[in-house]
1. Mind giving me the nanometre distance, one decimal, between the label points for S86 and K73, set 7 Å out from Cα along Cα→Cβ?
2. Read phi for every residue in segment 79-84 and hand back ³J(HN,Hα) as whole Hz from Karplus 6.51 cos²θ - 1.76 cosθ + 1.60, θ = phi - 60°, with x for Gly and Pro.
3. How far apart, in nanometres, would the label points at I12 and D41 be if each is projected 7 angstrom from Cα along the Cα-to-Cβ direction?
4. Any idea how far apart D5 and D64 come out in nm if each label point goes 7 Å out from Cα toward Cβ?
5. Please compute the length gained on full extension between T110 and A53, using 0.36 nm multiplied by the number of residues separating them and subtracting their Cα-Cα distance.
Amino acid sequence: MIGKDFPRIAEIELESTRDGKYTLAKVANGDGRLYSYYLRDPSGKWGRFAEDADRVVDVELGFDGNLYALSLKDAPRGKLLSMPMSAPVLAAAKVVVPQGADTIEEVRATAARIYVSSFASSPRSPSPPTTWASAWAATTSWCSRRAS
């Protein structure tokens, strides 16, 4: 059963893997950018893997069987964590992209890469540029290019 512990004012977004085996539920606690995340496994069982206090603001269902979580906990500019969908334990997640000088804005998973959009600010630039970095999911080697 899912929903009994949802906040009184909750906004819920659902997303599933392409094969339909896993379903991700993002539950917003009002409008305060606090979220809990739940995952339904292939047997139909729901489990919460992140709650409001974990400061996870976005999760992507990877094509490689991993969840990619953008966390602000102990990283105000964001860090990207990875954990297997088969055992989504936030405390055991691997840091894929540590917090850097830029602020991570969003994450997108594709079949071959994980794209991380970061916001770089400059005192001279009224509208700072967006930088894209992409990681090969299999090797975690990085290359980056400026978005055009």
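1. In this crude label model, S86 to K73 measures out at 2.4 nm.
2. Result, ordered by residue: 9, 9, 10, 10, 8, x Hz.
3. 2.1 nm
4. Between D5 and D64, the label points sit 3.0 nm apart.
5. Length gained between T110 and A53: 17.7 nm.
None of the figures in this text is laboratory data; all of them are computed from the coordinates on show. Note that this is a predicted model, so its numbers are computed, not measured. FYI the Cβ positions are ideal-geometry reconstructions off the backbone, even for glycines, and counts take in every protein chain you see.
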